[in-house]
Amino acid sequence: MTEVRYRVRPNGPLTGTAVVQGAKNAALPMIAAALLARRGRTVLRNVPAITDVQRAVELASLVGAHVEYHPGDRLLVIDAAEVTSPRLPAHLTQRFRGSVLFLAPVLHRCGEVVFEGAGGCALGTRGLDFHYRGLARLGAHIEEQGTTIQVKGGHLQGAGLYLDTPSHTGTENLIMAAALTPGRTVIENAALEPEVLDVIAMLTAMGARITGAGTGRITVDGVEELRAVEYTVMPDRIDAGVLAMATAITGGAVTLVGGTVLDHFGVAAHKLQQMGVDLVAAGAVTTVSRPADLHPINVITDTHPGFATDLQPPLMALATQASGTSYVRERIHDARYALAAELAKLGADVTVDGEKAVVHGGKPLRGAKVVAQDLRTGIGLVLAGLVADGETIVTNGAMIDRGHADLTSRFTALGADISRDEA
């Protein structure tokens with residue numbers, strides 16, 4: 001099996017211009033939503049060339065869609081006229097969590113959907129149960145057999161739905177389910193992320209009748225058919241945040257191009273400014289610089305517009321370079337502190353106590369061999385490697401490829417000393 005490693009060495013401040021990729025968390029549900037159109041070809045632009053997208057393309061193809069993917073042009077063409085297979089196989093569902101977004105589209109197209117490899121007690125797993133319970137409220141019949149979940153359509157009818165937490169994938173799946181379900185569906189405590197609003201905009205262009213986007217209470221009046229459309233994926237605010245923090249950790253100055261990124265940052269913009277990072281927006285361009293020393297910070301992750309949990313690990317890496325003690329509290333994912341132990345291998349002083357991580361900044365980092373336990377931990381280690389003395393080797397780098405396209409070429413263009421090896 002091929003192993004991907006990223007090698008990073010310090011090379012001074014990052015400078016220049018970087019293009020922000022298309023949003024991973026918008027592209028994946030859009031690929032799934034394209035399966036709802038029985039006629040025509042959906043064209044998606046600005047699709048990031050990441051492995052999660054490649055897996056979504058493979059999954060769409062396996063259920064019967066004809067997909068043309070042009071990663072170099074960031075272009076995806078989907079003809080879903082012949083979607084006939086209800087099976088979402090384990091070898092893909094276990095490799096990317098976005099596979100759950102195919103539940104509602106495949107259910108509508110095939111009358112049933114078989115989700116394999118969901119893992120033990122899948123109906124009670126935090127996050128996934130939103131999808132199944134919501135589909136059941138709409139009239140679907142749910143059966144669990146070991147690690148496989150089978151959902152049968154039966155007689156679907158609009159209903160009132162409530163999400164215990166505003167899950168963005170749960171919100172998107174239930175909106176897609178409601179779009180072709182007769183009657184009115186009202187989703188309470190819906191997610192507010194910009195990516196959710198972008199998916200709603202695409203579905204609306206397809207002919208869906210959706211109101212209340214961005215209010216937390218979404219109303220969907222079911223229609224009989226959705227049409228194929230051409231749509232451009234929004235810029236990735238997490239990718240933009242990583243680029244901004246990479247600039248800040250090296251004390252550089254970088255211009256981010258690719259959309260109104262600063263508007264999507266939410267609390268992250270304020271926290272970076274509190275740390276001493278300058279963010280200046282001019283239309284679709286945002287300039288990032290760090291003219292002086294970094295200040296310590298107190299951060300609590302939350303759903304949008306709160307501080308995005310996906311930006312917590314790179315912020316933790318950034319906090320190691322602040323003069324003082326930073327406090328990071330994680331409220332979204334209880335297993336989001338894997339970076340702390342890896343940063344310790346580089347010489348950082350980070351302690352974890354329950355939901356709180358304490359970062360004693362200002363200590364020099366030294367290169368070492370570390371492990372990307374997950375996507376966000378991996379990119380946090382890359383940022384730490386930009387200022388760690390010597391060479392930092394990030395193993396299990398395939399995790400990073402799941403969410404960031406052309407990382408080495410984009411960082412190298414800014415002056416970073418980074419390479420990607422396959423062994």
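Couple of notes before you dig in:
- Criterion (within 24 Å of D417 (Cα to Cα), in contact (Cβ under 8 Å) with a residue 60 or more places away in the chain and of a type outside the set (S, T, N, Q)) met by exactly one of V288, V257: V257
- Any hit, the stretch 148-158, residues being farther than 19 Å from E225 by Cβ, in the same structural domain as T215 (by TED's automatic domain parsing) and either hydroxyl-bearing (S, T, Y) or outside any strand (DSSP E or B) (or both): yes
- Matching entry among T185, T171 (being in a helix (DSSP H, G or I) and either of a type in the set (D, E, K, R) or touching a helix residue (DSSP H, G or I) at 6+ places or on another chain (Cβ under 6 Å) (or both)): T171
- Condition met for E224 (acidic (D, E), in the same structural domain as P105 (by TED's automatic domain parsing) and surrounded by fewer than 20 Cβ atoms within 10 Å (Cβ to Cβ)): yes
- Test set (1) under 15 Å from A104 (Cβ atoms); (2) assigned to a strand (DSSP E or B) - E143 fails condition number: (1)
- Residues of the stretch 303-331 satisfying the condition of being in a loop (DSSP other than H, G, I, E, B) and surrounded by fewer than 17 Cβ atoms within 10 Å (Cβ to Cβ): P305, G306, S323, G324, R331
- Any hit, the stretch 255-269, residues being part of a loop (DSSP other than H, G, I, E, B) and at pLDDT 95 or above: no
- Residues that are farther than 30 Å from P89 by Cβ, surrounded by fewer than 24 Cβ atoms within 10 Å (Cβ to Cβ) and either modelled with pLDDT of 95 or more or in contact with a strand residue (DSSP E or B) (Cβ under 9 Å, 6 or more places away or on another chain) (or both) occur in the stretch 167-182; there is at least one.
- Within the option set V63, V57, V43, V67, being among the hydrophobic types (A, V, I, L, M, F, W, C) and either under 18 Å from M399 (Cβ atoms) or under 18 Å from the mean Cα position of the chain (by Cα) (or both) holds for one residue only, V57.
- Residue in the stretch 205-217 that is part of a helix (DSSP H, G or I) and modelled with pLDDT of 95 or more present: yes
- Picking from residues in the stretch 67-99 that are among the small types (G, A, S) and surrounded by fewer than 18 Cβ atoms within 10 Å (Cβ to Cβ), the one that is modelled with the lowest pLDDT is A90.
- Failed item in (1) assigned to a helix (DSSP H, G or I); (2) closer than 30 Å to D389 by Cβ, with V8 passing the rest: (1)
Residue-wise test of (1) assigned by TED's automatic domain parsing to the domain that holds A191; (2) in contact with a Leu (Cβ under 9 Å, 6 or more places away or on another chain); (3) crowded, with 23+ Cβ neighbours inside 10 Å.
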{"site": "T17", "(1), (2), (3)": "no, yes, no"}
{"site": "V57", "(1), (2), (3)": "yes, yes, no"}
{"site": "A65", "(1), (2), (3)": "yes, yes, yes"}
{"site": "A104", "(1), (2), (3)": "yes, yes, yes"}
{"site": "V113", "(1), (2), (3)": "yes, yes, yes"}
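- Looking at I210, I175, I200, I142, just one residue is among the hydrophobic types (A, V, I, L, M, F, W, C) and over 25 Å from G22 (Cα atoms), and that residue is I142.
- A search for C-beta distances below 8 Å between a residue of the stretch 300-312 that is at pLDDT 90 or above and any residue that is buried (at least 23 other Cβ atoms within 10 Å of the Cβ) and among the aromatic types (F, W, Y), counting only pairs 6+ apart in sequence or on different chains, returns I300/F307; T301/F307.
- The selection criterion, being buried (at least 17 other Cβ atoms within 10 Å of the Cβ), in contact (Cβ under 8 Å) with a residue 24 or more places away in the chain and part of a strand (DSSP E or B), does not hold for V382.
- Of the helices (runs of 4 or more DSSP H) lying entirely inside the stretch 42-123, those carrying at least 3 residues that are under 23 Å from L203 (Cβ atoms) and touching a helix residue (DSSP H, G or I) at 6+ places or on another chain (Cβ under 6 Å) are 51-62, 103-110.
- Residue selected from the stretch 270-302 under the condition surrounded by fewer than 21 Cβ atoms within 10 Å (Cβ to Cβ) and among the aliphatic types (A, V, I, L, M), by the criterion farthest from V196 (Cα to Cα): A292
The values are calculated or read from the model by the stated rules, or taken from the named source; none is laboratory data. These numbers were taken from a predicted model, which means no experiment stands behind them. When we count neighbours, we look across all protein chains shown, and the Cβ atoms used for this are built from the backbone with ideal geometry, even at glycine.
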